[in-house]
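The values are calculated or read from the model by the stated rules, or taken from the named source; none is laboratory data. Everything quoted here is computed from the prediction, not taken from an experiment. Surface accessibility is based on the protein's heavy atoms, side chains included, excluding ligands, DNA and RNA. Shrake-Rupley method; radii C 1.70, N 1.55, O 1.52, S 1.80 Å.
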Amino acid sequence: MNGDDLTKEELLSRFLQLEQRVEELEQDNAQLREKLQEKDERIEELETRLRKYENPHTPPSRRRSGTDGSPTSQDDEDDDVRTDGGTPGRKDGHDPEWRSTADPDEEIEVTCDCCPECGDRFDESVGVSPRLVEEIPDPQPPEITRYNRHYYQCDSCGTETVAAHPDCPDEGQFGV
């Protein structure tokens with residue numbers, strides 16, 4: 001059956017049926033878009049919560065399992081509030097504890113000949129900034145080296161420079 005065989009009334013009837021079907025599909029499409037929007041919002045919320053608790057910087061004590069539904073678990077907003085009324089860290093008035101420093105096995109003088117900024121030569125060191133670095137190999141006792149890092153002040157530009165050594169870390173007291 002082709003379009004030439006249909007009467008005007010039949011064509012009008014088919015047209016109305018197709019219009020009705022288009023309206024039904026548009027309603028279904030709108031409902032599906034709403035559901036998709038709700039799911040996208042839920043996914044965003046869950047990803048935000050996941051980033052908060054499951055990343056490489058979160059300690060195991062702060063991580064939560066996905067099945068944790070205990071009534072004592074706190075909401076996300078109350079995570080930093082302690083229930084015992086205390087605060088984290090040492091109590092006020094507690095005497096500090098410090099590691100005792102060991103005697104160095106080796107001492108290295110770290111010097112610098114010229115200013116890294118302007119290239120002017122240094123006459124002499126204006127002081128020493130010692131740093132103890134502990135290498136802890138297995139299973140031997142630690143090797144402790146003192147780097148006497150001389151520091152200089154440039155007469156030309158006024159820059160203060162501390163001499164560097166490749167085995168001496170910029171920060172901290174433990175070696176590689």
Interchain or long-range residues, amide H under 5 Å from T159's placed H | C154
How much accessible surface does K35 have with a 1.4 Å probe, in Å² rounded to 10?
-> 120 Å²
Long-range amide H partners of G175 with built H, under 5 Å | E134, E135, I136
Any idea of F15's accessible area? Nearest 10 Å², probe 1.4 Å.
-> 110 Å²
Compute, for D5, the solvent-accessible surface of its heavy atoms (probe 1.4 Å) with the complete set of protein chains present, and express it in square angstrom to the nearest 10.
-> 100 Å²
Tell me, what HN-Hα J-couplings in whole Hz come from the Karplus equation 6.51 cos²θ - 1.76 cosθ + 1.60 at θ = phi - 60° for each residue of the stretch 90-101, using x for Gly and Pro?
-> 5, 7, 4, x, 6, 5, x, 10, 10, 6, 7, 8
